[in-house]
1. Using the 7 Å Cα-to-Cβ label point, sort the distances from A:G333 to its equivalents in the other copies shortest first and give them in nm to one decimal.
2. How many nm separate the modelled label positions at A:V226 and B:V364, each set 7 Å beyond the Cα in the direction of the Cβ?
3. Please arrange B:D440, A:D579 by how many other C-beta atoms lie within 10 Å of their C-beta, fewest to most.
4. Tell me the label-point distance for the pair B:A567, B:L275, using the 7 Å Cα-to-Cβ offset, in nm and rounded to one decimal.
5. Just check segment A:631-764 against the gyration tensor rule for me: Cα atoms, a ≥ b ≥ c as the square roots of the eigenvalues, rounded for a/c under 1.5, and otherwise prolate or oblate depending on whether a/b exceeds b/c.
6. Taking a point 7 Å out from Cα toward Cβ as the label site, list the nm distances between A:R519 and the same residue in every other copy, smallest first.
7. Taking every residue in A:744-754, how many Cβ atoms of other protein chains lie within 10 Å of its Cβ, on average?
8. I'd like the mean, over residues of A:661-673, of how many other protein chain beta carbons sit within 10 Å of each residue's own Cβ.
There are 2 protein chains.
Amino acid sequence: MGKARQEPWSGSAGSKDGNEPGNQEGEYAGAPNPDVLLPELDDKQLQALSVVGRDWGGAAGNPEEWRSALPVDPDLGRYPAPRAIRPTRFGRFVRLAGRNGQLPAIRTTSETEAPSSWKGRAAGTVRRILLGPPLAVTAIALERMRKLVALPVLSADAISSIAYGPQAMLAILVLAGTAGLSYTLPISAVIAFLMLAVGVSYRQTIRAYPFGGGSYLVAGDNLGRVAGLVAAAGLATDYILTVAVSVSSGVAAITSAIPSLTPDTVVIGVGVIALLLAGNLRGVRQAGTMFSLPTYAFIAAIGALVAVGAVHAAGRGWQPLPRPRLTAAEGVGVLLVLRAFASGSTAMTGIEAISNAVPAFQPVEWRNARTTLTWMISLLIALFAGTIALVMLDGVVPNQSETVLSQLAHSNFGPGLMYMFTQASTAAILLLAANTAYNDLPRLLFLMARDRQAPRLFLAIGDRLGFSNGIIALSVASAVIYVVFGGQTEALIPLFAVGVFLAFTMSQTGMVVHWWRHRNEAHWRKSMAFNATGASLSAIVFITAGITKFTAGAWAAILVIVLFILAALRIRRYYDMVDQALALHPHTTGEVPRYEPALRPGGAGRLTSPARRQNAARTNHEAEAEVEETPGEIHHLAIVPMATLDLAGLRALAYAASFQQPVLALHISPTGSEAERFRDYWRTWGNHLPLHVIVSPHRAIIAPMVHYIWSLHHQRPDLTLTVIVPEIIVRHWWHRILHNQNAPRLKRALQPLPKVVVTTVPFHLPH
Amino acid sequence: MGKARQEPWSGSAGSKDGNEPGNQEGEYAGAPNPDVLLPELDDKQLQALSVVGRDWGGAAGNPEEWRSALPVDPDLGRYPAPRAIRPTRFGRFVRLAGRNGQLPAIRTTSETEAPSSWKGRAAGTVRRILLGPPLAVTAIALERMRKLVALPVLSADAISSIAYGPQAMLAILVLAGTAGLSYTLPISAVIAFLMLAVGVSYRQTIRAYPFGGGSYLVAGDNLGRVAGLVAAAGLATDYILTVAVSVSSGVAAITSAIPSLTPDTVVIGVGVIALLLAGNLRGVRQAGTMFSLPTYAFIAAIGALVAVGAVHAAGRGWQPLPRPRLTAAEGVGVLLVLRAFASGSTAMTGIEAISNAVPAFQPVEWRNARTTLTWMISLLIALFAGTIALVMLDGVVPNQSETVLSQLAHSNFGPGLMYMFTQASTAAILLLAANTAYNDLPRLLFLMARDRQAPRLFLAIGDRLGFSNGIIALSVASAVIYVVFGGQTEALIPLFAVGVFLAFTMSQTGMVVHWWRHRNEAHWRKSMAFNATGASLSAIVFITAGITKFTAGAWAAILVIVLFILAALRIRRYYDMVDQALALHPHTTGEVPRYEPALRPGGAGRLTSPARRQNAARTNHEAEAEVEETPGEIHHLAIVPMATLDLAGLRALAYAASFQQPVLALHISPTGSEAERFRDYWRTWGNHLPLHVIVSPHRAIIAPMVHYIWSLHHQRPDLTLTVIVPEIIVRHWWHRILHNQNAPRLKRALQPLPKVVVTTVPFHLPH
């Protein structure tokens, strides 16, 4: 959208920018927009539409007559009707005035949206209780956040990484015992520098993409469609793992404080994900202040922890406490150090959040966003450095039953209130970090679906204006991963770094290209240098993580990323094919189609001859794509499959005959004697319509019928065959076993046939 | 059918006897008849049909014109069409000459029955390989059996009961140790007498029901519909348990000989049931000679066993061998004796088979059948008595790992060839006994379905002229029971006797009533006395088994019987309701319906006024049943839901407009701006047809549309609303996730609405 979304790869069906409703300045690139489900037509399509319309002009008769012939008032007067199922509160409907002679649009009310089946209504009631009443699209509005609100909202993900990043690094180093742990400081210094570099790099992105510059947009914008998909794939694994890792770390913070809960790790985690699912379907993302408290509480807790730890350390002359005895499982080597580095760098996941959400700031947005980013990076580095320093001073080493942060809090605060506060705020911020992914992945899928690289169902906006399908997909994926890995943070970390740094790399490489393209802008050299630094460092971390963690699980992340990209490419190809098939392409010959009056057997003078043209114009129809037809070009033959001459069958016959178009009744008989008997009945009835009987001695019903209809199509490929199927509608699904399923089976079997329209004449049983 | 099937409870739709094709003398009452799926009309319905036809006479125009207006030749010349999917061997189709000016009937060939989807074709190929080519209905013919063939075919079930009946009795008696076993002889004597009495009783049935007198028919015929259902319920549990018990006994015969197979009892049994399923779907029941061998082999084996045992016993001066030491688990009491009696009487299950199959004998059928029955009863009693005597003489007691028969064979034949022959023939005859149930239960279900007391799907005749659905139902039910009871014969026996003797009791009580009604026939007093004896004794066994085995499993059998009866009653009630709803009931007013010419907006002079009658004739329509309509009484409004103006939507519009009936396009828009945009497109297209836009701010699509259509129906209940839905047809089901499912969802939601017809205009994607 806007400047930020010029898709170089966009096909003919791409949207015309600036024309979309709701594309005001300062809106999220990924803001929900229900109109996306009904895309605009481009000029070519509009022109085709008017050409097609001209063709109709000759064929369809006077529009005014069609309008005045309507036997109903479409405006309905009152809606829902007085005798509708739930006749309550009619007063709520809103009628819009019609314009330009058009019929007025009617706004639906909650009553008119109620499903008509009891099952649907019950499901709706449950949904209302869980999610609250549906919101109108006009409720899509953005809160603008002050910097002090934006900081906790947008940095929960990044800052919460302190809870697992250092621990993941130490868990690798401790494998080499004391010698390994001596690398803690240098690796931490490199990670801190990395945070700084990536932070500065994202400051450039904020300036360049004031409408929100997620990695997918930036990479796609500057590096092309596939690069955008690579970034998206990295982000998608990132977000899914953010949920899994944050939940597992949060649960670890709880089980560290209350060890008796440890066996229930998986159950608690899945429960938390279910809560996140319900909360996000309900729409928690509006609640900015909710975010502020835990984030600031966590910052305060870690700050206090570092301060108290420093006082303690100063009290003993900055002498580190002795570590427990360690047995080295492996020697110190380059690989070990790189693995520890890759694990530790997960402490900076979530750093990109602010650059996605620039339009959510108060004006001047980009300037406020940059300031907030600077604050966040500073805080992140400070907390990270403080935690590492405290780990060194307190001689803490990771162990299975208690997190590093919990050990630090224990040793400095004792088991009292401050310890509990630290653990609770850790759990809370990790929960919020998981929630960040719930904002971001559905939005990413929305953007991908808008570019037709993800299923359209991710475009749909739920009752509460969230991207429900994306929220559900994220919950399912992260819950599966969480359960598969048994809720163990250490097992998840190797998968994590790959996706994060892949997305960072693509995004920042995209920014390098961006600045090269915008060489006229101020400071482009400096920005490009910062972004190039960030990109190079991110790439190094990505490659390091990919190689050193490959066997530990990174292979799975890489596999998922590759499959994600391939799926997106195929989806795009499929939608392109669909668009092309559905695009209007008026008759190229330019001839005005003949208009033959409809056949009326009742009016003798107007009967057409019994045309039996074997070689109609379009013989090789089924090889072709479907093409336009004007009403006058459609020549009908209705086929009514009849099993018995009962009320359902006769109603279908009457329906078929009422159009005054040719009708052929079809009966499949298992025996010659039954065929003869049916013909007798037909004569008893009066032999009003042509009947054709097929004897099927092997008792097949569907296949002979389909083959016969197929053969009729080949005899006259220009005809539109309408198969009118009487179908008994049962009240309860379990009654279906008492009826044959020939009607639905026939409908399914006829689906692939060209120019065959299937009509169901329902017959409702009284009870 | 024939005399044997005068249903006193048969409703208005009952068939006219003697008029059904294939009802020749000497045919099974349960012979497959494909015409049953398409029942005859009774006189009342025929009259209604001609009255309805007269109504049409005024409305539908000249039949000859309808016929000559047909744009195709229904005879097709060649069929399948030259361009059909698999253009092979056209020469095989048969064309029947048309009669009385009717179009000729075409016989389908195997090609025209081939499903058109590759999945369907693959399934068909698998079926051909497993089952063989389909058979034409004309292949239904009965082998007439000589007595020496009929004996093994029809008595496998009864005679094989020797393999488990005595053992089941001994297994109860041994609980009371040696004191219990001393009751073996008296109980056996009672059972032998019972066999004689029931056998004589069934001799009477054969005379009275020469067309086949199953318990269901006899009880229903003489005692009324519910009694017939009680018998049917007993038979159904009997047949299901026959399969389970025969298979478990057969597997026990195998595991007795090869003990290492014991742990695989369940797997082997399920495999045997699968084989029975496949074989019966293929149609093994024709293979009479196949049955002769194992039955005679079993008779020979047991005969030899008894003879050798007698020689051995004579050699030691008829001194019984010592029994192993027994510890009595309970004391001897009336209850124990009765339980042993009830278990032992399962030795006579299957005794009714010959009376079901009288028409399968060579003429004079009933006389040959009676003779065969006499032979069978004599054999049964002899083998039963011999086995019991041998058990007494050889001091054999039941144990877990080896069957009684196997122990007898071991001790008399040693472990050599004769032992193996005995075990193999036991296993084989039990397999055949199970197969008997495969003939009988599907035929019972067929008869019940013909009386509309079972789902119609049991009427269907499979490719190989078997009742496939009944065969499948029996396999599933018996496999489930077999697995639930772990393949243990002892656990199954308590369920068994209840159903068998309930059916015996009902059947023979029915015969008593039969003879009372036919008091003029010769020997009616003697026959009635025999049947009364059989009925009384059977009733005593039924009650004994029901009470003494109640907690051991008979409760489950009784529960199933009760549920079976209730289900059959409800099914009958349901079908009666359906029949009534589907029956023709012409307009009682007798007025000739007005015939209004179809609306043609193109021809100005013939337009009807924009009728907006709010209070149409049938306002309270949805409370009423569906009624007849002649074509002229149907007034149309087509509604075309449009999401976008693409090719699929425009084709649906053109289809709707081509009928020259009023059309209203309907668009659901999420926002006012999108609504306005859509109207612009509509104008660009030319505004040819009326458009109505509903704004659904909560983004619901289906519910507002359904409510709107519902409201239109209430505005004009006399209109037939045709909802014409464009639907994209995907090539592969997994592509469905890439499209919204609004078309199928809308179709489902519209199903319950009265006078709403749904038409699907398919749009086929090219790839």
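1. From this label point to the equivalent ones elsewhere in the assembly: 7.9 nm.
2. Calculated label separation equals 9.2 nm.
3. Sorted ascending by nearby Cβ count, the order is A:D579, B:D440.
4. Result for the modelled spin labels: 2.9 nm.
5. Rounded.
6. Computed spacing set for this position: 12.2 nm.
7. 3
8. For peptide A:661-673, the averaged partner shielding equals 5.
Every number here is computed from the coordinates shown, using simple stated rules; none is lab data. What you see is a predicted model, and the numbers here were worked out from it, not measured in a lab. We place every Cβ from the backbone using ideal geometry, glycine too, and count neighbours over all the protein chains shown.
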